[in-house]
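Taking it in order: structure first as structure tokens, then the write-up.
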Amino acid sequence: MAREELLDLGLKQAHLPALLMALVHVTGDASILDEFPRPVYDFFAEGRLGGYSEAQQAAIRARAKEAIETYLMNGQKLPPPPSAATVRKMMNFIAGADIPEHYVPFMEEELGLTGEDVKHPHWESEKLSAARKTLRVVVIGAGMSGILSAIRLKQAGIAFDVIEKNPDVGGTWFENTYPGCRVDNPNHMYSFSFEPNHDWPYHYSTQDVLLGYFQRTADKYGLRKNIRFETQVLETRFDEKTSKWHVKTKDKNGKEETLIADAVISAVGQLNQPKMPDIKGVGSFKGPAFHSAQWQHDVNLKGKRVNVIGTGASAFQFVPEIAPDVKEMKVFQRTPPWLGPTPDYHDKVGEGKKWLLEHVPMYDKWYRFWLFWMLTDGIYEFVKTDPTWNGPPNAVSPNNALLREMLTAAIKPQTDDAPWLFDKIIPDYPFGGKRSLRDNGKWVEALKRPNVELVTEPIAEINASGVKTKDGKQYDSDVLIYGTGFHASNFLRTFKVYGRGGVELHDKWNGDARAYLGMTVPGFPNFFMIYGPNTNIVVNGSIIFFSECSVRYIMGCLRLLAETGNATLEPKENVHDSFNVKVDEANKMMAWGAPQVTSWYKNAKGRVSQNWPFPLVDYWSATLRPNPSDFELKKSA
Ligand code: NAP
């Protein structure tokens, strides 16, 4: 397509508020911010048009066309960048609201107008250059967080090995290959801040695309030679005499090896150990049976009778995908998920929009900023418990009840032609109790199919021929699929971690994992976790953002050691404990911590061990750099 055509198409497909921001950069004229009103966003719509009238849309497009053409004709020269005050005004403008003061540095960093990768570690000073030569780190896992750790270690010039159980990088995006698997965070935000991709084919891309992105990133940074694939970590043990970690591994041929490291970073994720349900008879089904994260692609589902257990994020994606192929399908639901309207969930990114992202200065930055802000803490207030709330337990506050009403009204029309479904798919727990799913109508459409039945009667047992429910009804099938989630609260389930005094981390946790900022634990010097306890998010942000914050902090810890000449650091007991008290208090005040809610966010002891209960900005500021007084620093053991 010719450039003019792509520009015209781009203007049609543009996110207009981001386009307005780009115009300020291209023209150097910020008066446009006074000419157009701030956009108004509708939670239930795409947000692309900013609530502008047709006349306003046409005016914005005409202005943009003229300005972009001039910029392209004049050798793509940009006027001086807008002042800090103007950028601030622009942030408020595109957000459609005044961004609170304490969010500003955080949001400025996310916006990244300078193009500088601010989290890039710099170990160029004489002291650090000398220190990095002797440091060695082992990273466990080559998924998104492991790749990120490796990139930062490499940038700092620190020697490292990555141990990966799979034959390739990608972690969750390597393992989950079930039909329909895709990201449920907007892709232009679900990517490393320093590795933007203007070529995402979908707003929410499919698993193969995500895997490709992480594979390409690993290749670009030349990480593969540092990764030992098809190798498992059996245990990691701290040697108090030498202050080193001994990481015992086993490769695919059964060969064991011990790597010696100054620090260990666990990047094994929270959601990678498939969980079979605790239902009587599990394992007794005689036909093919598998978990969504271990999809058996050689099992042909065409014309088969299929039973599916679970209606969480994974089943929500594969059920609509396989429904047209199977002869019949029973979907066994214990608890319905909340559905959040997302009209563009399966939509492709238009070629014109891709062109804008690639060619119009700063359009990509502002678009990402907008996505980020909208997912920052927008719904956070709606999932906080109001202690004075005396309404029904299906909400935790007046705001939460209001959201329930709005979402219910949005779901209702989907069941107008299938009224029996309505009561079954409206959750009786508060919104935010569990992860809500992105609804573009495909889920309910699948449940309404004549060959699909949503079974809400509790399951009594799984047997050789199918599933029996408590009312005595038997549902025979040819295939059984478990969409039953992961051993999420059993952190680092696949290996042992022995700290000071030979104490094993899981023994210390005793089924109730805790850490300081999700990363460090007293008695386990220089042992760090990414996506550790209490760093999962429910309604705000992206997990890549959390990983980027965590890795910056971990690099800061290594730097602290190097700068102070210490061998080890570990959090002080009281710092760790008081942090966890605050986390627990805050989690109790969130919808997911409400006593009437059961979910994988709570461990067997009923404590929310998964989720970060505070606004995102708090994690960002807490992880900017380690506070030396939080740690016991030791020269040697
Ligand atoms: P999940 O959310 O834990 O869902 C498991 C499902 O199985 C739930 O419906 C659960 O019911 C049901 N279940 C479990 N044990 C059961 C039993 N004994 N009897 C009956 N039903 C039972 O697991 P998931 O769907 O794999 O998703 C896990 C997480 O992975 C998500 O929350 C999300 O963070 C992530 N994920 C993300 C994406 C994405 O980004 N696209 C896709 C998939 C997964 P209850 O609700 O009643 O427990």
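The values are calculated or read from the model by the stated rules, or taken from the named source; none is laboratory data. Here the structure is a predicted model, which is why all the values come from computation and not from measurement. Cβ coordinates were reconstructed from backbone atoms using ideal geometry, including for glycine residues, and neighbour counts include every protein chain displayed. Keep in mind that these areas ignore ligands, DNA and RNA; they rest on the heavy atoms of the full protein, side chains included. Shrake-Rupley method; radii C 1.70, N 1.55, O 1.52, S 1.80 Å.
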*Take the alpha carbon gyration tensor of the range 115-221, find the square roots of its eigenvalues, order them as a ≥ b ≥ c, and report rounded if a/c is under 1.5; if not, report prolate when a/b exceeds b/c, else oblate.*
oblate
*First obtain the Kirkwood hydrodynamic radius of the range 65-123 from its Cα pairs, then insert it into the Stokes-Einstein equation at 10 °C and 1.306 mPa s, and state the resulting D in µm² per second as a whole number.*
114
*Compare the Cα positions of ILE426, HIS203, VAL583 along the charge dipole of the chain (+1 at Cβ of Lys, Arg; -1 at Cβ of Asp, Glu; about the Cα centre) and return the one farthest towards the positive end.*
VAL583
*Over the range 507-637, calculate the relative contact order: mean separation of alpha carbon pairs under 8 Å at least 6 apart, over the residue count, as a percent.*
37
*Please report how far the C-alpha centroid of the range 286-328 lies from that of the range 119-170, rounded to the nearest whole angstrom.*
39
*Cα extents of the chain along the three principal axes, largest first, in whole Å?*
73, 68, 53
*Please find the FRET efficiency linking THR564 to LYS220, where r is the Cβ-Cβ separation and R0 is fixed at 22 Å, and quote it to the nearest 0.05.*
0.05
*asked:* Taking the Kirkwood radius as the inverse of the mean 1/r across Cα pairs, report the Rg/Rh of the range 481-637.
replied: 0.97
*Scan around THR231 for amide H atoms under 5 Å from its own, H built in the peptide plane at 1.01 Å from N, and keep only partners 5 or more places away or cross-chain.*
GLU164, LYS165, ASN166
*Specify which residue in the list VAL455, SER284, PHE382 is farthest towards the positive end of the charge dipole of the chain, using unit charges on the beta carbon of Lys, Arg (+1) and Asp, Glu (-1), about the Cα centre.*
SER284
*For the range 596-607, what does the Karplus curve 6.51 cos²θ - 1.76 cosθ + 1.60, with θ = phi - 60°, yield as ³J(HN,Hα) per residue in whole Hz, taken in order and with x for Gly and Pro?*
7, 9, 10, 6, 6, 6, 9, 8, 4, 8, x, 8
*Using +1 at the Cβ of each Lys and Arg and -1 at the Cβ of each Asp and Glu in the chain, identify which of PRO39, ALA159, HIS102 lies farthest towards the dipole's positive end.*
ALA159
*Could you state the principal axis extents of the C-alpha atoms in the range 187-276, from the largest down, to the nearest angstrom?*
51, 35, 24
*Take the range 410-461, compute every pairwise Cα distance, and split them into 10 Å bins from 0; I just need the percent in each bin.*
20, 51, 27, 2
_Can you list residues from other chains, or at least 5 along the same chain, whose modelled amide H is less than 5 Å from the amide H of LEU454?_
VAL331
*asked:* With +1 on the Cβ of every Lys and Arg and -1 on the Cβ of every Asp and Glu, and nothing else charged, how large is the dipole of the chain about its Cα centre, in debye rounded to the nearest 20?
replied: 1660
*asked:* Using DSSP to call loops (not H, G, I, E or B), can you name the trypsin sites (Lys or Arg not before Pro) in the range 101-144 whose Cβ has at most 16 other Cβ atoms within 10 angstrom?
replied: LYS133
*asked:* Taking loop as defined by DSSP and a crowding limit of 13 other beta carbons within 10 Å, which trypsin sites (Lys or Arg not before Pro) in the range 281-343 fit?
replied: LYS286, LYS302, LYS327
*Give me D for the range 370-498 in µm² s⁻¹, whole number, from Stokes-Einstein with Rh from the Kirkwood sum over alpha-carbon pairs, 37 °C and 0.692 mPa s.*
179
_What is the sum of charges, Lys and Arg at +1 and Asp and Glu at -1, for the other residues whose Cβ falls under 14 Å from the Cβ of PRO533?_
+4
*So what is the calculated 222 nm ellipticity per residue for the chain, using -39500 (n - 2.57) for each DSSP H run with n of 4 or more, over all residues, to the nearest 500 deg cm²/dmol?*
-10000 deg cm²/dmol
*Working with all protein chains in place, sort HIS246, HIS188, HIS102 by solvent-accessible area computed with a 1.4 Å probe, largest first.*
HIS102, HIS246, HIS188
*What area, in nm² and to one decimal, does the C-alpha convex hull of the range 117-167 cast on average over all directions?*
3.8
*ALA604 versus THR335, label points 7 Å from Cα toward the beta carbon: distance in nm?*
1.9
*Roughly what % antiparallel, to the nearest 5, for the DSSP beta bridges in the chain?*
45
*Return the ratio Rg/(2.2 N^0.38 Å) for the range 250-312, where Rg is computed over Cα atoms only.*
1.71
_Looking at the range 2-105, I'd like the Rg to Rh ratio, where Rg is from alpha-carbon atoms and Rh is Kirkwood's inverse mean 1/r._
0.98
_Overall form of the range 155-197 per C-alpha gyration tensor (a/c, 1.5; a/b vs b/c)_ = oblate
_Going by amide H atoms built from the backbone, whose H comes under 5 Å of the H on GLU632, apart from near neighbours?_
GLU570, LYS572
*For the range 145-151, take each phi angle, set θ = phi - 60°, evaluate the Karplus expression 6.51 cos²θ - 1.76 cosθ + 1.60, and give the result in whole Hz per residue in order, putting x for glycine and proline.*
6, x, 4, 4, 4, 4, 4
*Have a look at the range 288-370 and give its Rg and Dmax from the Cα atoms, expressed in angstrom.*
18.7, 53
_Global form of the range 530-603, assessed from the alpha-carbon gyration tensor, a/c cut-off 1.5_ = oblate
